[in-house]
Structures are given as structure tokens and as C-alpha cells.
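All remarks here apply to the structure that follows.
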Amino acid sequence: MNRRLLVGGLAACAGLFAISGVVHASHSWGGYHWARTTNPFTLKLGNNMSSDWEGYLYTTSAHWNTGNTPLLTAVINGTSTKQCRAVSGTTQVCNGRYGNNGWLGLATINITGGVHITQGTAKMNDTYFNTATYNNPNEKLHVVCQEVAHTFGLTHQSEDGSSQNSCMDYFSNTGANATSTLSTKPNQHDFDQLNLIYGEHLDSSTTVASGIGDPKGKPSQADDPGGDPNAWGMLVSQSANGRSSTYEQDHGGGNKTITHVFWSAEAAENCPSCDHRYDR
């Protein structure tokens, strides 16, 4: 049975993900943010990446730290496996052969109180990145930069494939653009958005792991969908070209797990309005 789910109507209901040829006026992801009592603060990025990937993580961290925003990043030793179980107060970053499931990159955040991020994961799928189409430094850097930034509370500046020269767009550094360095790092609009998200108020408590050493938390099993697409919950928005989807598990009481999926071009092109979990 073909379980494709048409989602064309969702785009009209989700203005945040509306497609436009121009930069979004705002690209905050649902108002989600890390709770913190002081600015600036440092978000720890757990390095669970193989040696051929970890350089992109360090570069991404350095790029996000150049923006004069309240949010700083520090790469630390990961405490997870390639399955990328979340660790409270951190973003765990991983790569692995996650299978021929259609996605290039996956970012998941856990939310408490309706808006506060408590933990995040960012995954890169080597099943695709080991192929000739996607295995180039600029595409890898673009996707790492974007998936990590989703766990800050950022969404896309543009989803139509044009370059805003930001890693938060859907320009593809593949094919004829494989040698292009466009869209491989943040631009000023990204930094301006982080200042809007984190510069307007402080919180009475923090969800960010303290210190700059290894996090004390253990990999979390609760509310963590892992790599199982059937555990992502309800499809709540999808871009018109089918490259970007967002899923939500609502646990009640303002607690939820939200997963952003960056689909491969091949997964999206056959049926842009389908839920690609069920294409195969």
C-alpha cells in the first residue's frame, strides 16, 4: 500500500516555511531557544564524527562564533554513538550510514515549556555523502552548518534553491556548483536573527549544560526518535519543492520533540508534496 501523504495544504498553514524568492524577514524556528540566565552563553557541540567529518564541525563552530551574538559554540568530546542519542544541555553532532531513506541531514530538538530547547542532535547521512553527487567539501560544510544551526532555533532564509550566501538556504553545492563556496557559512542576517532571539530577554533558569568540558549528562532515551522515521510524529510543514520537512511529537504539557529533515534532491523530485518517509 502506498502510504504517501499529500501535504500541499500544510504550506499554506505554516507561514514560517512559506517559499519565497527573497530572504525571510525572520527565520526563527517557532520561537524555540535555549533558556539561559546570562549572556553570552556557550552551547556545547558533542563531536561524534569520524575523522573525515570532524573538520567541518570545527569550521562550522568557528564560523558561528564570528557573529558577535549572545550564542557561542564549543566543540567537545561526544558521549554518544553514531546513533546520536541526545544529551541534556548539548547538541550532539554525528555522521553515519543511516541508510537509503532519502535524507541528507536531520536535526532534532526537544522542547519544554513550549519554547525552551533542552537538547539537540544533528546527523549527516553517509549513505548519500559517500556518493559522487554529495561527497564534496562544500556540500558537507553547508549541511553541517545548517543542521547544527537548527538546534540554535534557526530555520531557513530561503527554500527555493537560490543562494543567499548563507548555510541557512537551500542552494545545492553539487554538480556544476560543487566547487562553489556560496552558502557554506552564516551571513549577517543569520547573526541578526540570533541577536533577536537571544538578545531580547533572559530566563529565570537554564537548559544549557554548564562548563566547557564534557557534559555530565548521559545519552537520553526519553523523547528521542533516533533515526526511525515512523517515530518522528506528525508532518507539520513541508517546502513547496519537497526538500524540507518538519515533524512533531507532542508529549503534552508544553513538551515536544521536533525533527527537521533535509531530503536529497532525488527523494524530493518525484513527488514534492508527498511525505517522503513513505515514498519507497
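A compact table of results
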{"quantity": "Counted residues, segment 24-75 - those being under 20 Å from SER205 (Cα atoms), outside any loop (DSSP other than H, G, I, E, B) and among the aliphatic types (A, V, I, L, M)", "calculated": "3"}
{"quantity": "Extreme residue, farthest from TYR247 (Cα to Cα), among residues of segment 103-114 that are more than 16 Å from the chain's Cα centre (by Cα) and of a type outside the set (Ser, Thr, Tyr)", "calculated": "GLY113"}
{"quantity": "Residue check, ALA178 of a type in the set (Gly, Ala, Ser), buried (at least 22 other Cβ atoms within 10 Å of the Cβ) and in contact (Cβ under 8 Å) with a residue 12 or more places away in the chain", "calculated": "no"}
{"quantity": "Candidate set: segment 137-158, residues that are among the β-branched types (Val, Ile, Thr) and not in a helix (DSSP H, G or I); chosen: the one surrounded by the fewest Cβ atoms within 10 Å (Cβ to Cβ)", "calculated": "THR155"}
{"quantity": "Residue check for SER163: out of contact with any strand residue (DSSP E or B) (no Cβ under 6 Å at 6 or more places or on another chain), among the hydroxyl-bearing types (Ser, Thr, Tyr), under 16 Å from ARG243 (Cα atoms) and part of a loop (DSSP other than H, G, I, E, B)", "calculated": "yes"}
{"quantity": "Whichever residue in segment 239-280 is hydroxyl-bearing (Ser, Thr, Tyr) and part of a loop (DSSP other than H, G, I, E, B) and, among such residues, is nearest to SER158 (Cα to Cα)", "calculated": "SER239"}
{"quantity": "Residue check for LEU43: surrounded by fewer than 22 Cβ atoms within 10 Å (Cβ to Cβ) and touching a Ser or Thr at 6+ places or on another chain (Cβ under 6 Å)", "calculated": "no"}
{"quantity": "Residues being surrounded by 24 or more Cβ atoms within 10 Å (Cβ to Cβ) and of a type in the set (Val, Ile, Thr) - total across segment 159-175", "calculated": "0"}
{"quantity": "Condition check for PHE171: under 27 Å from ARG36 (Cβ atoms), among the hydrophobic types (A, V, I, L, M, F, W, C) and in a loop (DSSP other than H, G, I, E, B)", "calculated": "no"}
{"quantity": "Filter result (within 15 Å of GLY102 (Cα to Cα) and among the hydrophobic types (A, V, I, L, M, F, W, C)) within segment 230-256", "calculated": "TRP232"}
{"quantity": "Filtered residues of segment 158-175 (kept if out of contact with any helix residue (DSSP H, G or I) (no Cβ under 6 Å at 6 or more places or on another chain), of a type outside the set (Gly, Ala, Ser) and touching a residue at least 40 places away in the same chain (Cβ under 8 Å))", "calculated": "GLU159, ASP160, GLN164, TYR170"}
{"quantity": "Unmet requirement for HIS189, which otherwise passes all of (1) buried (at least 22 other Cβ atoms within 10 Å of the Cβ); (2) out of contact with any Leu (no Cβ under 8 Å at 6 or more places or on another chain); (3) of a type outside the set (A, V, I, L, M); (4) part of a helix (DSSP H, G or I)", "calculated": "(1)"}
{"quantity": "Matching option when the condition is within 22 Å of SER239 (Cα to Cα), surrounded by fewer than 23 Cβ atoms within 10 Å (Cβ to Cβ) and in contact with a strand residue (DSSP E or B) (Cβ under 7 Å, 6 or more places away or on another chain), among TYR198, TYR128, TYR134", "calculated": "TYR134"}
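Since every read-out is calculated from the coordinates, none of them should be taken as a lab result. Please read all numbers here as calculations on a predicted model, not as lab measurements. Neighbour counts are summed over all protein chains in view; Cβ atoms, including those assigned to glycine, are modelled from backbone coordinates with ideal geometry.
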